[in-house]
Amino acid sequence: MKFFSKLVLLLSCVFIVSTAHAVELKLATLAPQGTTLYKGLVAAADDIKAKTGGKVTVKIFAGGVQGDEKDVVRKIRYGQLDGAALTGVGLGLIDPQIRVLELPFLFKNTQEVDKVYGAMKGYFKDAFNKKGFVLLGWAEVGFVKIFSNKPIRKRKDLKGMKMWTWEGDPLAKAMYEAMDVTPVPLAITDVLTSLQTNLIDGAYAPELGAIAFQWHTKAKYMTDVNLVNGTGGIVLSSKSWAKLGGQKKIVQQVIDVHSKKLVSQTRADNLESKQAIQGAGIQIVALEDAALTELQGIGKEVRAKLTGKLYSQTLLDKVIGYLK
């Protein structure tokens, strides 16, 4: 019996030692299961587990089961979650100045996006560290379009429209005010029902996002304009990052690789989603040239309005400088 007891004790010690340094990271995302972002996160999680020999595992909460992004950020701060894949709105709850990357008509194409994001990554990593977070990598959602129940071809068509805006989003609020749009603040989980019941006339999203949340099933038109480039990122709390110890380098390397894959796949899927949207019977509407020029002017107005509130003039100049 003594031998058996000692054996059980020895095996228990071995088990405790072998699991003492195992870390499970709990990550949340609004992206539903089966979407590009979700699949990318799962692939990264599998890679992290394999390359750390099981010392780091990732549990993903998808589809908004942990709440809207304001709920997710709060839970990360309270230690109930370790991190998340956030949109620009969620990232802005951590550090508002990152919204400078989502100004209307800031970018003309993905080449400009890549140049600025690459140049600014170090700056924002430092900024997030000061807020108690680690910005591991970018995960953009793509160029945002307007989905609506009436065609929008010129600025006047926007006047008085009831458009969804994320609750507490200062950038969307400023943009809508400049466009004479009536904002209707809602959680992202309430948009589909609100489109169906005509509580709102439209919403903004990249093609892939509109399909993922099924908004395209309740809209008749998509205005094909690159309104803003919807940014996104993968973050961990600094406390959770510290728990990784010697596994930090591996985790960062995995995220670097999968973030690039995710951005590339998202862009490809947005193009495919546009074709799927056309196939679903949604009419693609182009802005008139004069309307586009007018809206681009409004974009500059929004930049000026938010300078000193969301970001500094110095930071805006830095971003514009990289574009030039």
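I'd like the full set of residues that are open to solvent by 50 Å² or more (accessible area, probe 1.4 Å), of a type in the set (Ser, Thr, Tyr) and in a strand (DSSP E or B), limited to the stretch 170-228.
Thr182
Give Ser240, Ser264 a once-over and let me know the one that is among the hydroxyl-bearing types (Ser, Thr, Tyr), open to solvent by less than 10 Å² (accessible area, probe 1.4 Å), assigned to a helix (DSSP H, G or I) and farther than 27 Å from Asp289 by Cα.
Ser240
Considering only residues that are buried (at least 23 other Cβ atoms within 10 Å of the Cβ) and either in contact with a strand residue (DSSP E or B) (Cβ under 6 Å, 6 or more places away or on another chain) or more than 23 Å from Gln296 (Cβ to Cβ) (or both), which ones fall in the stretch 95-115?
Result: Val100, single match.
Got at least one residue in the stretch 90-98 being more than 27 Å from Ala242 (Cβ to Cβ) and either more than 13 Å from the chain's Cα centre (by Cα) or not aromatic (Phe, Trp, Tyr) (or both)?
No, every residue in the stretch 90-98 fails to be more than 27 Å from Ala242 (Cβ to Cβ) and either more than 13 Å from the chain's Cα centre (by Cα) or not aromatic (Phe, Trp, Tyr) (or both).
Could you list, in sequence order, the residues of the stretch 154-169 that are open to solvent by 30 Å² or more (accessible area, probe 1.4 Å) and either under 19 Å from Gln296 (Cα atoms) or touching a residue at least 24 places away in the same chain (Cβ under 8 Å) (or both)?
Within the stretch 154-169, Lys154, Arg155, Lys156, Asp157, Lys159, Lys162, Glu167, Gly168 meet the criteria.
For the stretch 65-82, which residues satisfy the criterion of being under 13 Å from the mean Cα position of the chain (by Cα) and touching a residue at least 24 places away in the same chain (Cβ under 8 Å)?
Listed by number, the residues that qualify are Asp68, Glu69, Lys70, Val72.
Of all residues in the stretch 279-324, which are closer than 28 Å to Gln214 by Cα and among the basic types (Lys, Arg)?
None - no residue of the stretch 279-324 is closer than 28 Å to Gln214 by Cα and among the basic types (Lys, Arg), so the list stays empty.
Is there a residue in the stretch 296-312 that is more than 20 Å from Glu177 (Cβ to Cβ) and outside any strand (DSSP E or B)?
Checking the stretch 296-312: at least one residue is more than 20 Å from Glu177 (Cβ to Cβ) and outside any strand (DSSP E or B).
For the stretch 45-57, indicate whether the set of residues that are in contact with an Asp or Glu (Cβ under 6 Å, 6 or more places away or on another chain) and open to solvent by less than 50 Å² (accessible area, probe 1.4 Å) is non-empty.
Yes, the stretch 45-57 contains a residue that is in contact with an Asp or Glu (Cβ under 6 Å, 6 or more places away or on another chain) and open to solvent by less than 50 Å² (accessible area, probe 1.4 Å).
So Gly122 fits all but one of (1) open to solvent by less than 60 Å² (accessible area, probe 1.4 Å); (2) in contact with a strand residue (DSSP E or B) (Cβ under 7 Å, 6 or more places away or on another chain); what number is the exception?
Failed condition: (2).
Each row is one residue, and each column tells you yes or no for (1) over 22 Å from the mean Cα position of the chain (by Cα); (2) farther than 23 Å from Gly137 by Cα; (3) β-branched (Val, Ile, Thr).
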residue	(1), (2), (3)
Ser237	no, no, no
Val251	no, no, yes
Gly299	no, yes, no
Val302	no, yes, yes
Lys318	yes, no, no
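The values are calculated or read from the model by the stated rules, or taken from the named source; none is laboratory data. Predicted model only: the values in this text are computed from it and were never measured. Don't worry about glycine lacking a Cβ; one is built from the backbone with ideal geometry, like all the others, and counts go over all protein chains shown. The area values use the complete protein model at the heavy-atom level, side chains included, leaving out ligands, DNA and RNA. Shrake-Rupley method; radii C 1.70, N 1.55, O 1.52, S 1.80 Å.
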